[in-house]
Amino acid sequence: MNDYVPIVVLGAIALAFALFSVGIAPFTGPARYNRAKLDRYESGIAPSPLPDGGGRVSIKYFFTAMMFIIFDIEIVFLYPFAVAFDQLSWFAFLAVMLFLVNITIAYVYEWRRGGMDWT
């Protein structure tokens, strides 16, 4: 159990720092709100007028973000495999193929549901 004490201490320090940072921010930061700060940000495009009480953002915006994250994670997992391909066994090759099959199933599902229609 003594081997895990440094990890637990580091986790406690990180948690304390995060809670302290979030807790002290409202008291130390400037509170100068204006119309530009309260508007939503849409990639530099002037936001469309919102109805009273806010507005809805298209769900396709979030689908696009999730697709980017999935592509990014896929590359993060495939790059080390490609670098060490010569040293790996057939089991590693089959594991990566299973990973690619799972990702492909997710892409096909997203495509069939219309998540990749950009209009």
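The values are calculated or read from the model by the stated rules, or taken from the named source; none is laboratory data. Quantities reported herein were computed from a predicted structural model and do not represent experimental measurements. Reconstructed Cβ throughout: ideal geometry from the backbone, glycine too, with neighbour counts over all protein chains shown.
Just checking, does region 37-49 include any residue being in a helix (DSSP H, G or I), of a type in the set (A, V, I, L, M), within 26 Å of R113 (Cβ to Cβ) and modelled with pLDDT under 80? Checked region 37-49: no residue is in a helix (DSSP H, G or I), of a type in the set (A, V, I, L, M), within 26 Å of R113 (Cβ to Cβ) and modelled with pLDDT under 80.
All but one of (1) touching a helix residue (DSSP H, G or I) at 6+ places or on another chain (Cβ under 9 Å); (2) assigned to a helix (DSSP H, G or I) hold for I75, so report the exception by its number. It is condition (1) that I75 fails.
Can we say P80 is out of contact with any His (no Cβ under 9 Å at 6 or more places or on another chain) and either in a helix (DSSP H, G or I) or modelled with pLDDT of 80 or more (or both)? Criteria met by P80.
One line per residue, one yes/no per condition, for (1) touching a residue at least 60 places away in the same chain (Cβ under 8 Å); (2) surrounded by 10 or more Cβ atoms within 10 Å (Cβ to Cβ); (3) over 30 Å from L38 (Cβ atoms):
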site: S58; (1), (2), (3): no, no, no
site: M66; (1), (2), (3): no, yes, no
site: E74; (1), (2), (3): no, yes, yes
site: F77; (1), (2), (3): no, yes, yes
site: L94; (1), (2), (3): no, yes, yes
site: F99; (1), (2), (3): no, yes, yes
site: D117; (1), (2), (3): no, no, yes
